[in-house]
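Throughout, read-outs are computed from the coordinates displayed, never taken from laboratory work. For clarity, every value in this text was computed on a predicted model and none was experimentally measured. Cβ sites come from the backbone with ideal geometry, for glycine too, and all protein chains shown count toward neighbours.
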Amino acid sequence: MMLHVLLALAPAALAHVWYFGPGFLFNLIIASAFCVAGEALMTHARGRDIEAALSDYSSLVTAALLAFALPSLTPWWVTATGALFAVVAAKHLYGGIGFNVFNPAMAGYVVILVTFPLEMNLWVAPRMGDIDYISLTIMQTLAYTVTGSLPDGLSFDAISRATPLDAVQSGFRDMRTFAELSVNPMMGDFGGRGWEWIGNFTAIGGFWLLVRKIIRWQIPTGVFAGLLLPAGLMYLVDPGTNASPGFHLFSGATILCAFFIATDPVSAATSAKGRVVYGFGIGLLIFAIRRWGSFADGVAFAVLLMNMAVPAIDYLTRPHIVGHPLRRGRQ
Amino acid sequence: MSAPTYDLGKLHGGLRLEGHKSESTAQAIYRVPVPAQLVLPIAQHVGDAAQPIVGIGERVLKGQLIAEAYGTLGAPVHASSSGKIVAIEPWPVARRYGDNAPCIIIESDGEDRAIEPAETRPSYDSLRPDVLLSMILQGGIVGLGGAVFPTAQKLMQAVTCELTYLILNGVECEPYISCDDMLMREHAREVLSGAQILMHALSLDVAYIVVESDKPQAIQRLAEVMGELDDERLVLKQVPTIYPSGGEDQLVQLVTNLEVPTGGLPTDVGCLVQNVGTAAAIYKWIADHEPLVSRITTVTGDGIAQPMNVEARLGTTVADIVNFAGGYTERAQQLIIGGPMTGKSVTTDRVPIVKATNCILVLSEAPSAGVERPCIRCGECAEVCPIQLLPQQLFWYACADDESKLRRHGLTDCIECGCCDLVCPSHIPLTADFRKAKGRMQELADEKARAERARQRFEARSRRLEKEQRERDSELAEQKEAAKKAGPAAIAEILKRKQQQSGDD
């Protein structure tokens with residue numbers, strides 16, 4: 001099952017490398033190494049069967065999701081911290097797979113996001129044929145990943161660009177309208193150059209998982225509805241100070257979240273109705289954080305917050321048990 | 001002639017399982033010859049065991065009563081062939097709890113002489129329903145679908161309810177089992193005549209005969225006989241082949257779209273369900289005076305040389321039947337009495353077939369359970385649960401022994417069909433865990449009841465002691481009062497007496 005998830009992520013990974021360079025691969029390798037090491041270490045410490053724990057590939061999925069969340073230029077110790085926190089603290093301290101309350105990848109990501117804000121905001125410019133940008137070579141990327149320093153003569157400002165979400169958020173702060181901001185070629189057609197195409201490739205993998213019945217429709221639908229309904233409404237009411245629903249859909253991690261992050265069965269709600277509610281809640285929170293929060297994207301926080309709501313959601317959305325009175329009596 | 005209909009209610013979940021039925025339905029039903037020894041348990045039904053009324057050494061005839069119905073949920077046992085009683089002793093049996101049970105053992109004389117019916121009976125439709133019901137009780141007839149609930153008692157409960165439909169269950173949804181299929185193919189008239197008797201006993205005007213779509217030959221045969229009988233009250237219904245649509249409550253839901261209330265019976269929604277085999281057994285008893293002394297059993301699986309359906313006398317051992325079916329194959333590994341989903345695995349083929357035995361399944365290997373892993377809450381189990389439970393949540397609460405949550409999530413509504421086990425990617429034996437949790441819940445309830453009884457006893461005792469104390473006190477007070485009235489002389493008298501008393505001690 002987890003192997004299918006990894007395969008489904010492959011198109012998005014290739015797109016990521018194409019637009020943001022080979023750094024993604026280094027991050028993926030480092031995250032995988034530390035996730036697997038953490039998993040092995042903790043399983044050993046808990047006296048469980050290491051082979052069984054590693055053979056379900058769940059730690060690799062965690063690593064992959066974490067890698068997708070990281071900027072392509074990330075020093076190795078940042079990635080390692082996130083990976084270890086995800087597996088050791090968020091997963092194994094709660095009892096290992098099946099018992100973790102929080103989505104491990106998102107827990108790991110949030111920890112490094114608040115611990116290393118500078119490193120976590122260094123997004124290079126996406127590959128754009130028609131615009132000037134500086135890209136690092138493979139060796140330069142590797143050097144940065146290992147040492148955390150850029151080649152001589154290059155500053156952070158020269159290579160990094162604000163992500164579309166950042167740009168829009170700070171643009172609104174400067175009282176500019178969405179229409180003005182969209183003129184910037186970096187904004188692409190909907191959600192930003194590169195980002196929207198990565199989104200498309202992510203969606204391909206997502207649909208494949210749906211067809212293979214590895215994930216179910218309720219959570220993705222819930223996430224999209226929860227995000228796009230308020231986004232659409234606000235955009236209709238005031239298109240100046242609100243980003244379009246298309247922008248919300250294609251920028252940041254919306255699509256990845258809907259198909260791959262929120263659908264982690266362990267930390268998600270488990271009844272059919274509950275999954276819709278859970279997904280919808282995540283969508284709403286993503287919108288709220290992007291619109292009113294201080295972080296540019298809110299996927300990780302939204303997922304973690306809804307993780308906490310899961311027991312209540314599950315309890316309140318129990319399906320009608322055959323033979324029980326139709327209206328559930330309060331007890 | 002009524003055509004099969006499809007206007008059905010919906011059942012949640014369920015599974016399309018591989019049927020494995022064609023192996024055993026290729027040939028007609030064979031009769032297993034009467035074996036040298038018959039082993040008849042005195043408890044072949046749910047409820048109180050029957051009381052033996054024969055002694056060792058006594059000669060009995062086929063159809064003779066050898067153990068009487070006892071208690072409110074009783075069913076009698078009849079000798080399944082003629083011969084001599086040689087023992088009444090514990091013998092291995094296949095049942096849910098325990099391995100041995102008291103059995104009456106008959107050494108058959110090979111003559112198979114039947115007992116003469118005591119009286120000639122009038123035709124059933126001239127009998128009053130209550131007379132018919134008590135007659136059914138004497139036939140030792142129990143539900144042959146597997147639940148073995150005494151039929152007469154089920155009917156007696158049913159006549160107290162407002163009934164609309166008689167439902168004959170010919171669904172037989174569990175893999176491998178095909179005895180009802182073969183019964184309907186070869187004895188459709190007995191089944192339908194049984195339905196007519198039941199309708200008369202219950203004063204009902206509609207009988208649905210429900211058959212799964214994977215039994216076209218049975219459906220065709222039933223339809224033919226219905227045409228001959230020309231009884232408009234009989235309606236044939238075809239249901240999709242989905243396990244577990246043959247469960248009593250599930251069948252009611254499927255056919256009438258009514259849910260049997262939790263803790264209730266199909267009669268609560270106006271339905272009485274009987275297995276087709278039971279209907280045929282009732283017909284045989286009422287019309288032919290033959291009590292329940294034999295049944296059709298499927299003997300199948302890749303561990304059996306010639307899978308088939310046999311009609312065997314109750315009390316024939318599994319070993320005899322397997323021999324009749326060509327013996328075991330080299331691959332035979334596991335013996336299951338009943339189907340692969342709800343059957344009971346046994347370790348010896350000395351067990352006899354009883355009223356409940358619808359299948360003898362011999363498999364080459366135990367269905368591989370796989371290594372159990374933690375639950376990842378994928379929810380596959382909830383998708384297939386016919387009761388719409390959340391097995392993933394129940395499992396969680398069962399591990400935590402959280403009784404109130406288990407109750408609220410409907411543990412007691414679980415029908416133990418095993419669908420969740422089959423789809424679980426982590427290979428968790430959910431049904432077994434739920435069975436255990438139910439057991440613990442029952443224990444807890446018993447414990448509570450015991451504690452309550454103890455408390456009541458204690459309170460009654462303290463009340464009694466208090467009362468006695470009060471009586472003593474008032475008596476003493478009276479004495480004091482009397483002494484006061486009598487004056488100092490009397491008191492001196494009393495004191496003297498007391499001193500004397502203590503001196504005596």
Length-normalised contact order of segment A:1-161 in % [C-alpha pairs under 8 Å, at least 6 apart]:
26
Treat each spin label as a single point 7 Å out from the Cα along the C-beta direction, and report the B:LYS480 to A:TRP292 distance in nm.
7.8
Whole angstrom only: what separates the Cα centroid of segment B:64-97 from the Cα centroid of segment A:249-302?
65
Which value, in debye to the nearest 20, describes the size of the charge dipole of segment A:1-161 about its Cα centre when Lys and Arg Cβ atoms bear +1, Asp and Glu Cβ atoms bear -1, and nothing else is charged?
280
For segment B:16-24, in residue order, the Karplus 3J(HN,Hα) values (coefficients 6.51, -1.76, 1.60; θ = phi - 60°; whole Hz; Gly and Pro = x) are 8, 9, 5, x, 6, 9, 5, 4, 9
Options B:GLY246, B:PHE149, A:PHE102, ranked by Cα towards positive dipole end of the protein assembly as shown, top entry (Cβ charges)
A:PHE102
Please report, for the Cα atoms of the protein assembly as shown, the Rg to one decimal and the Dmax as a whole number; what are they, in angstrom?
37.4, 132
Mean separation of Cα contacts under 8 Å (6+ apart) over length of segment A:194-306, as relative contact order %:
33
Rounded Å value of the spacing that divides the Cα centres of segment B:322-341 and segment A:10-52:
49
Furthest towards positive pole of dipole, A:LEU7, B:CYS419, A:PRO126, structure part the protein assembly as shown, Cβ charges
A:PRO126
Please give me the summed charge of the neighbours of B:PRO76: other residues whose Cβ is under 12 Å from its Cβ, Lys and Arg +1, Asp and Glu -1.
-1
Quote to one decimal, in nm, the extra length available between A:MET308 and A:LEU6 on full extension: 0.36 nm per residue of separation minus the C-alpha distance between them.
106.1 nm
Built amide H within the under 5 Å cut-off of B:SER213, gap 5+:
B:VAL239, B:THR241
Along chain B, longest interval not containing exposed trypsin sites (Lys or Arg not before Pro), exposed being DSSP loop plus at most 11 other Cβ atoms within 10 Å:
B:97-505
Around B:VAL273, which amide H atoms from residues at least 5 apart in sequence, or from another chain, sit under 5 Å from its own amide H, with H modelled in the peptide plane?
B:ILE167
For chain A, rounded, prolate or oblate, judged on the Cα gyration tensor with a ≥ b ≥ c (square roots of eigenvalues), a/c < 1.5 rounded, else prolate if a/b > b/c?
oblate
Percentage relative contact order, chain A, counting C-alpha pairs under 8 Å, at least six apart
18
Considering every residue in A:260-270, what mean count of other chain Cβ atoms within 10 Å of its Cβ is obtained?
3
Size of electric dipole in the protein assembly as shown: Cβ of Lys, Arg +1 and of Asp, Glu -1, about Cα centre, debye, nearest 20:
2200
Going residue by residue through segment B:336-342, the Karplus relation 6.51 cos²θ - 1.76 cosθ + 1.60 with θ = phi - 60° gives ³J(HN,Hα) values, rounded to whole Hz and with x marking Gly or Pro, of 10, 9, x, x, x, 8, 10
Segment A:SER55-A:GLU180, length gained on full extension (0.36 nm per residue, minus Cα span)
39.9 nm
Tabulate in residue order the Karplus-calculated ³J(HN,Hα) for segment B:462-479, using 6.51 cos²θ - 1.76 cosθ + 1.60 with θ = phi - 60°, rounded to whole Hz; enter x for Gly and Pro.
5, 4, 5, 4, 4, 4, 4, 4, 4, 5, 4, 4, 5, 4, 4, 4, 4, 4
Counting only DSSP beta bridges with both residues in chain B, tell me the antiparallel percent, nearest 5.
60
Going by C-beta contacts inside 10 Å, put A:TRP195, B:TRP91 in order with the fewest on the left.
B:TRP91, A:TRP195
Under the Debye formula (equal points on every Cα, no solvent term), log10 I(q)/I(0) of chain B at q = 0.06, 0.10, 0.12, 0.13 Å⁻¹:
-0.36, -0.81, -1.16, -1.36
Among B:SER193, B:MET182, B:ILE353, flag the residue with its Cα farthest along the positive direction of the charge dipole of chain B, charges on Cβ as +1 for Lys/Arg and -1 for Asp/Glu.
B:ILE353
Cα-centred dipole magnitude for segment B:18-87, charges only on beta-carbon of K, R (+1) and D, E (-1), debye, nearest 20
300
Sort out for me the Cα centre separation of segment B:157-195 from segment B:431-469, rounded to whole Å.
42
Per-residue mean of C-beta atoms belonging to partner chains within 10 Å, peptide B:383-391
4
So for the protein assembly as shown: antiparallel DSSP bridges make up what percent, rounded to the nearest 5?
60
Under the 7 Å Cα-to-Cβ spin-label approximation, B:ASP473 and B:ALA287 lie apart by a distance in nanometres of 7.9
Amide hydrogen neighbours beyond the local backbone of B:ILE360, cut-off 5 Å, H modeled:
B:THR298, B:VAL299, B:THR300, B:GLY338
